[in-house]
Amino acid sequence: MSSQVSTEVVTEVVAAPLEQRADLLEFDRKELGAELAEKFGFEAFRSRQLISWLYRRRVRSFDSMTDISKDAREQLEANYFVSRPKIEEVQQSKDGTRKYLFRLADGNLIESVLIKQATRYTLCVSSQVGCAIACKFCRTGLMGLTRNLKTSEIIGQVLAVKDDVASLPDDEDGISANFGNIVFMGMGEPLHNFENVSRSVRLLNDDLGLDISERKITVSTSGLVPAIEKFGQGEARANLAVSLNATTDEVRTKLIPINKKWPLELLLKTLREYPLKPGRKITFEYVMLAGVNDTREDLGRLKRIVQDIPSKINLIPYNSNAGLGFETPSKDKVYSWQHSLLDAGLNSTIRWSKGNDIDAACGQLATESSKEKGSSKKKISKKE
């Protein structure tokens with residue numbers, strides 16, 4: 001085994017004021033290597049070491065990074081920090097779902113949900129404080145958009161939840177800090193925050209860090225056509241899910257106002273041309289609203305408009321607990337839709353709501369009155 005000789009030049013360390021230090025979670029591996037080389041003459045292997053420490057071992061203290069020289073650690077300490085969003089509150093549902101309320105450095109609040117499924121846990125992360133899309137069946141849309149989340153605030157949700165889960169007793173619901181499914185389906189429109197979401201996906205993909213396969217990461221969008229095209233051509237690798245929710249422009253525009261700008265015909269054309277690897281599919285999310293988009297005619301149109309797109313259809317019975325004036329279709333209706341889609345040769349699944357009792361189900365995430373909401377729920381922990 002050959003030894004690696006460092007040619008880095010060590011200079012006197014002068015610590016920058018804390019507010020001038022950069023968050024290392026803002027850089028992907030390529031960006032981090034360029035940053036450290038330009039500012040300090042660090043060699044490429046330093047960024048590889050750091051990525052491993054930051055993501056695989058989730059270390060925040062530079063002193064703990066023992067395979068990095070003391071001089072290099074001092075340079076890092078003087079110019080950088082490693083953030084985490086503060087876990088303000090954790091609630092656990094009777095079905096095992098855990099909801100995290102995070103307070104960001106500027107005081108804004110966001111939520112993430114760790115969803116318990118049959119054989120795995122999936123973490124649903126937020127990409128914005130609020131949302132500008134204003135889908136009529138989603139409580140987050142009522143908040144409006146405050147701002148985009150930074151890369152560090154997106155990836156920080158994943159790391160903070162892993163830290164929290166790692167602190168639980170080994171037998172508590174069988175949750176493992178190595179949960180590997182991530183969905184960008186929390187607060188916000190992910191492709192509206194394109195650069196930070198893309199960088200976060202690259203960090204999740206990195207084999208020296210969290211090493212999460214692109215097959216286990218899904219980015220959802222309400223249908224921002226230019227961003228879909230750009231995402232398909234970019235370096236971030238993840239599944240694409242599209243919130244369809246209607247089969248006519250008239251109904252979809254009422255439910256998702258951006259459909260007026262990017263109507264169904266244009267959206268579907270873009271998805272037909274979307275670059276997919278062999279065997280991969282686009283997921284169509286279809287929130288079923290009783291009497292609105294669940295008619296026999298809707299079912300027939302749905303079959304026709306997606307039949308030439310490699311896809312799977314995720315039927316999501318509306319969660320009436322969101323309190324937005326829509327009703328949940330009957331279970332018989334939901335199952336009949338699934339069976340009809342399957343009979344037509346279309347891949348279809350049903351996503352039943354999880355975490356209803358803690359306002360963690362699809363369409364329920366909202367923080368404009370989080371303290372009031374949380375006061376009537378079972379609060380299992382508060383992180384100081």
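The values are calculated or read from the model by the stated rules, or taken from the named source; none is laboratory data. Here the structure is a predicted model, which means the values were calculated and not measured. When we count neighbours, we look across all protein chains shown, and the Cβ atoms used for this are built from the backbone with ideal geometry, even at glycine. Note: areas computed on protein heavy atoms with side chains; ligands, DNA, RNA excluded. Shrake-Rupley method; radii C 1.70, N 1.55, O 1.52, S 1.80 Å.
Tell me the mean residue ellipticity at 222 nm calculated for the chain from its helices only (DSSP H runs of n ≥ 4, each -39500 (n - 2.57), averaged over every residue, nearest 500). Value at 222 nm, helices only, nearest 500: -9000 deg cm²/dmol.
Counted by Cβ distance under 15 Å from N196, the other residues give a net charge of -3, where Lys and Arg count +1 and Asp and Glu count -1. Using only side-chain charges placed at the Cβ, +1 for Lys and Arg and -1 for Asp and Glu, the dipole size of the range 217-265 relative to its Cα centre rounds to 140 debye. For the range 117-217, the fraction of 1.4 Å probe accessible surface lying on carbon and sulfur atoms is 45 percent. Close amide H partners of V183, meaning residues 5 or more places away or on another chain with modelled amide H under 5 Å apart, are L123, C124, V125, T218. Taking θ as phi - 60° and the Karplus parameters 6.51, -1.76 and 1.60, the scalar couplings of the range 24-35 work out to 5, 6, 8, 10, 7, 4, 5, 5, 5, x, 5, 4 Hz in sequence order, x denoting glycine and proline. Dipole size of the chain about its Cα centre, with +1 on Lys/Arg Cβ and -1 on Asp/Glu Cβ: approximately 1080 debye, rounded to the nearest 20.
The Cβ shell under 12 Å around Q128 holds other residues with a net charge of -1, Lys and Arg each +1, Asp and Glu each -1. Net charge around G345, counting only other residues with Cβ within less than 15 Å of its Cβ (Lys, Arg = +1; Asp, Glu = -1)? Once positives and negatives cancel, what remains is +2. According to the square roots a ≥ b ≥ c of the eigenvalues of the Cα gyration tensor, what is the shape class of the chain, taking rounded for a/c under 1.5, prolate for a/b larger than b/c otherwise, and oblate for the remainder? Judged from the Cα gyration tensor, the chain comes out prolate (a/c at least 1.5, a/b above b/c). Accessible surface for E77 stands near 90 Å², nearest 10, in the context of the full protein assembly shown (1.4 Å probe). Computed from backbone phi with θ = phi - 60° and the Karplus coefficients 6.51, -1.76 and 1.60, the 3J(HN,Hα) list for the range 81-93 is 9, 10, 8, 8, x, 6, 6, 7, 6, 10, 10, 10, 7 Hz; x is used for glycine and proline. In the context of the full set of protein chains, the chain has a per residue accessible area of 46 Å² (1.4 Å probe).
With a Förster radius of 35 Å applied to the C-beta separation of D207 and R147, the computed FRET efficiency comes to 0.65. Normalised by the number of residues in the range 215-298, the average gap of Cα pairs under 8 Å and 6 or more apart makes the relative contact order 36 percent. With 25 Å as the limit on Cα-Cα distance, the pairs of K150/K216; K86/K162; K260/K303; K269/K331; K99/K162 that go past it are K269/K331.
Given the options V292, V161, P310, identify the residue whose Cα lies farthest towards the positive end of the charge dipole of the chain (+1 on Cβ of Lys, Arg; -1 on Cβ of Asp, Glu). Toward the positive end, the furthest listed residue is V292. For the range 11-118, the relative contact order works out to 23 percent when only alpha carbon pairs closer than 8 Å and six or more residues apart are counted. With the cut-off at 1.5 for a/c, could you classify the range 158-245 from its C-alpha gyration tensor as rounded, prolate or oblate? Prolate shape, in that a/c is at least 1.5 and a/b is the bigger ratio.
Structural size metrics of the range 91-242, computed from C-alpha coordinates, are Rg and Dmax of 15.0, 46 Å. Its relative contact order, with pairs defined as Cα atoms under 8 Å and 6+ residues apart, puts the chain at 16 percent.
In degrees between 0 and 90, to the nearest 10, how far off the longest principal axis of the chain does helix 70-79 point, with axes built from Cα atoms? Taking Cα atoms only, the helix is inclined about 50 degrees.
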